[in-house]
Amino acid sequence: FVSRRTHHVKEADIMERLEILNAWRQGNEAIEAADPRALRSVDRTAKHLLSLAGGKITSADSAPDPDMISRLLLCGFPDRIAKLREEGEGRFLLSQGRGVRLPAASGLSRSPYIIALNVDVADKAEGVVHLAANLEEGIIRQECEGRIGTLRRIEWDSREKRVVATSEERLGAVILSGRPFNPSEEETAPVVCEAIRSAPGMLNFSREVRQLQGRVELMRKNFPGENWPDFSDVYLLSAPEEWLLPWLGRIRSAEDIAGTDLLSALKAFLSWNQQRLLDERLPVSIIVPSGSRVAIDYASGDIPVLAVKLQEMFGLADTPKLAGGRVTVLLHLLSPARRPVQITQDLEGFWNSGYQQVKKELKGRYPKHPWPDDPWKAVPTRKTKSLKK
């Protein structure tokens, strides 16, 4: 019953209209914003409804009670509860899940809760509220007690890079309250696994882990009938729950994930017999002719690399092989400065053709190291001439 000739910034607030009605009932006929015919119609309807309910209205008790109005409106529009959103004034979320808005200048635009009586949704992203009332949280809890549920929400906070767990009181899409809680290990593990899938860089693949991955991949290629597991990055990062789950018990943050013992987790994924065969067929190091134990690099490529000082391999004709002779190592024959002077899988061919050129280039630069004319008959050593016995 607001006049079309007058525009009020608070016209969406139903309490303003009820105050106008009450003022008219008190005898104030000079209300410019009101349409007298509409006021009389509303008054007749109200008296009729009250008589049907067995009550009566007087000028003394006709002032609107905001709490009572809220309770009555909740009875008629239980699905129209809306909560103020964080994005800004006048924007609300209905319990149905739809976003609605009031003009920012409206007196209700900052209300924590409203009940949206008249909403124009059309095809807009946000509906427009034309008529509403303020709503107190206490009244919501009293009138909607049976509809308020509790939801335990556990998710990964990508900004804080950690698991966040909140117990929420909800009325549909409207969150009445939320408080943090400590989730169980079973509840957090799936969340952490999904975080790893989304941001695989959080896992710390150490050199030792890369070595193990390379060794297992060689076993898969050379012994296909033995059902060796897939330790490739693609598999490990796509299905962390398959191999990492037992190690995620206390993991709550990206820092925790980075500190996870991936090496132990992968080793535990192998059976005792697989670990035995792995050490037997693809050892982490071998003894070279000089007597030194030299580590094998399984992480640099598809072929394992044995980087060893050239003088330590004198007299050896056959390039070392692994996996029962199925895998030939890639030799990086090193200068005294530990730089590769020859990369080969044909050690015999190097002694017969390439060695003399290397000797010519390096003998003058490293005179303390042995450079025999005949590498086949020389004693392999890791020492310099001055230290040789």
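Since every read-out is calculated from the coordinates, none of them should be taken as a lab result. The shown structure was predicted, so the numbers you read here are calculated from the model rather than taken from an experiment. Cβ atoms come from the backbone with ideal geometry, glycine included; neighbour counts cover every protein chain shown.
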Next item on the list: Return the whole-Å distance between the Cα centroid of the stretch 239-284 and the Cα centroid of the stretch 111-150.
Entry: 51
Check: Gaussian network model of the chain, Cα springs within a sub-10 Å range: biggest mean-square fluctuation belongs to which of Gly259, Gly54, Gly325?
Finding: Gly54
Margin query: Can you give me the angle between helix 272-281 and the longest principal axis of the chain, using Cα atoms only, in degrees from 0 to 90, rounded to the nearest 10?
Written below: 40
Check: Using modelled amide H (1.01 Å from N, peptide plane; none on Pro or chain starts), what sits under 5 Å from the amide H of Phe314, excluding residues fewer than 5 places away?
Finding: Thr381
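First measure r as the distance between the Cβ atoms of His48 and Thr166, then evaluate 1/(1 + (r/R0)^6) with R0 = 41 Å and state the FRET efficiency to the nearest 0.05. Don't skip to the answer; put the middle values down first.
Values: r = 49 Å, r/R0 = 1.19.
Once rounded, the FRET efficiency stands at 0.25.
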Margin query: How tilted is helix 36-52 with respect to the longest principal axis of the chain? Cα atoms for both, answer in degrees (0 to 90, nearest 10).
Written below: 90
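Calculated from DSSP H runs of 4 or more alone, at -39500 (n - 2.57) each and per residue, what is the 222 nm mean residue ellipticity of the chain, nearest 500? Spell out each step's value before the answer.
On the way: 12 runs with 118 residues, N = 389.
About -9000 deg cm²/dmol.
How big is Rg to Rh over the chain, alpha-carbon atoms, Rh as the Kirkwood inverse-mean-distance radius?
Working: Rg = 40.4 Å, Rh = 29.0 Å.
Taking Rg over the Kirkwood Rh, I get 1.39.
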Check: Do any of Lys321/Lys359; Lys83/Lys161; Lys360/Lys383; Lys221/Lys363; Lys221/Lys360 go past 31 Å between their Cα atoms, and which?
Finding: Lys221/Lys363; Lys221/Lys360
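Please give the FRET efficiency for Arg339 paired with Glu217, using the beta carbon to beta carbon distance and R0 = 35 Å, rounded to the nearest 0.05.
On the way: r = 28 Å, r/R0 = 0.80.
Efficiency, rounded to the nearest 0.05: 0.80.
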Note to self: Through the Karplus equation 6.51 cos²θ - 1.76 cosθ + 1.60, θ set to phi - 60°, convert the phi angles of the stretch 238-253 into ³J(HN,Hα) values in whole Hz; use x for Gly and Pro.
What the structure shows: 7, 9, x, 5, 6, 10, 9, 3, x, 9, 9, x, 9, 6, 9, 9
Margin query: Over the chain, with a Gaussian network built from C-alpha contacts below 10 Å, which listed residue (Arg220, Arg91, Arg365) shows the highest mean-square fluctuation?
Written below: Arg365
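R0 = 51 Å: FRET efficiency of Ile287 with Ala239, Cβ-based, nearest 0.05?
0.85
Of the trypsin sites (Lys or Arg not before Pro) in the stretch 261-355, which ones lie in a loop per DSSP and count no more than 14 other C-beta atoms within 10 Å? Provide the component values of the computation, followed by the final result.
On the way: sites: Lys267, Arg276, Arg281, Arg293, Lys309, Lys321, Arg326, Arg338; in loops: Arg326, Arg338.
Here the sparse-neighbourhood loop sites are Arg326, Arg338.
For a test of the definition: using alpha carbon positions, the gyration tensor, and the 1.5 limit on a/c, classify the stretch 94-243 as rounded, prolate or oblate.
Values: a/c = 3.83, a/b = 2.90, b/c = 1.32.
Prolate is the answer for the stretch 94-243, as a/c is 1.5 or above and a/b outweighs b/c.
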Checklist line | Relative contact order %, the stretch 71-211, counting alpha carbon pairs below 8 Å whose residues are six or more apart | finding: 16
